[in-house]
1. So the check is Cβ under 9 Å with 6+ separation or different chains; which pairs have a first residue in the range 164-183 that's within 13 Å of V122 (Cα to Cα) and acidic (D, E) and a second one that's outside any loop (DSSP other than H, G, I, E, B) and modelled with pLDDT of 95 or more?
2. Does the range 137-148 include one or more residues that are surrounded by fewer than 16 Cβ atoms within 10 Å (Cβ to Cβ), of a type in the set (A, V, I, L, M) and closer than 23 Å to S80 by Cβ?
3. Of A112, A148, which residue is in a strand (DSSP E or B) and either at pLDDT below 95 or within 20 Å of V61 (Cα to Cα) (or both)?
4. If I filter the range 120-143 for residues that are modelled with pLDDT under 95 and aromatic (F, W, Y), do I get at least one hit?
5. Any idea how many residues of the range 58-81 are small (G, A, S) and open to solvent by less than 30 Å² (accessible area, probe 1.4 Å)?
6. Among the listed residues F157, F93, identify the single one that is closer than 15 Å to P54 by Cβ and open to solvent by less than 10 Å² (accessible area, probe 1.4 Å).
7. From the list P54, P100, P134, P59, exactly one residue is in a strand (DSSP E or B) and either within 15 Å of L169 (Cβ to Cβ) or touching a residue at least 40 places away in the same chain (Cβ under 8 Å) (or both). Which is it?
8. Consider A105 against the criteria (1) open to solvent by 30 Å² or more (accessible area, probe 1.4 Å); (2) among the aliphatic types (A, V, I, L, M); (3) assigned to a helix (DSSP H, G or I): it satisfies all of them except one. Which criterion is unmet?
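The values are calculated or read from the model by the stated rules, or taken from the named source; none is laboratory data. A quick note: this is a predicted structure, and the numbers were derived from the prediction, not measured. All Cβ positions, glycine included, derive from the backbone under ideal geometry; neighbour counts span all protein chains shown. Surface areas here come from the heavy atoms of the whole protein model, side chains and all, with no ligands, DNA or RNA. Shrake-Rupley method; radii C 1.70, N 1.55, O 1.52, S 1.80 Å.
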Amino acid sequence: MSTSSRYEPSPDAAGGVLYPLAVCLLVVGLLLGFALLPRLFKAQEPAMVGKASPDFSVPVVANAAQLPKAADGSLPTSISISALKGKPVILDFWATWCGPCNAEAPILDQVAKKYADRGLVVIGVSQDDSPELPREWVKSRRVSYPLAFDSDRVSHFFDVESLPTLVVLDRNGIVRAVRIGMTPSSEIQDLVEKVL
């Protein structure tokens with residue numbers, strides 16, 4: 001009588017390895033799905049793309065020094081779209097409580113700095129309840145582009161329903177792109193290159 005020392009895994013041992021592997025694959029698949037599916041099945045561009053931006057004025061609450069000075073040489077207290085005619089503009093509709101907005105702010109700051117010498121103006125348009133919130137927020141962040149407060153609720157002009165929302169305007173004030181949700185740096189730069 002000979003005994004074999006060959007090991008044969010029990011069905012329970014194989015299941016013990018396969019189950020965690022299957023769970024990991026499922027999690028990775030879901031993460032990829034959430035990241036890629038919205039980009040693969042993009043909805044049509046919003047109706048405003050290709051149309052002139054409505055003119056509006058918003059009060060500046062931080063970093064006014066980044067904007068053109070008033071006729072008397074003082075820092076502007078508000079900014080209007082008509083005052084930016086001739087410059088490409090990114091309007092970033094955001095709020096201090098919005099996690100993706102906070103993550104996107106440093107990206108926008110880098111883009112604003114990179115293209116400032118080519119005329120790009122980035123304006124963060126706060127959707128907070130009070131202008132004090134973005135004023136306080138900017139003190140603890142390294143964001144240099146101007147922040148405005150949407151006191152007139154101009155977000156409805158651009159059909160902003162979720163944050164962050166980026167609206168890209170060309171030098172003539174025509175809406176060239178709208179991006180909803182956090183937008184990667186490379187995509188923002190591609191959008192900017194198209195309007196420079």
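1. D170/V89; D170/R176; D170/K194; D170/V195
2. Checked against the condition, which is being surrounded by fewer than 16 Cβ atoms within 10 Å (Cβ to Cβ), of a type in the set (A, V, I, L, M) and closer than 23 Å to S80 by Cβ, the range 137-148 yields no hits at all.
3. The conditions single out A148.
4. There is no residue in the range 120-143 that is modelled with pLDDT under 95 and aromatic (F, W, Y).
5. 3
6. F93
7. P59
8. Every condition holds for A105 apart from (1).
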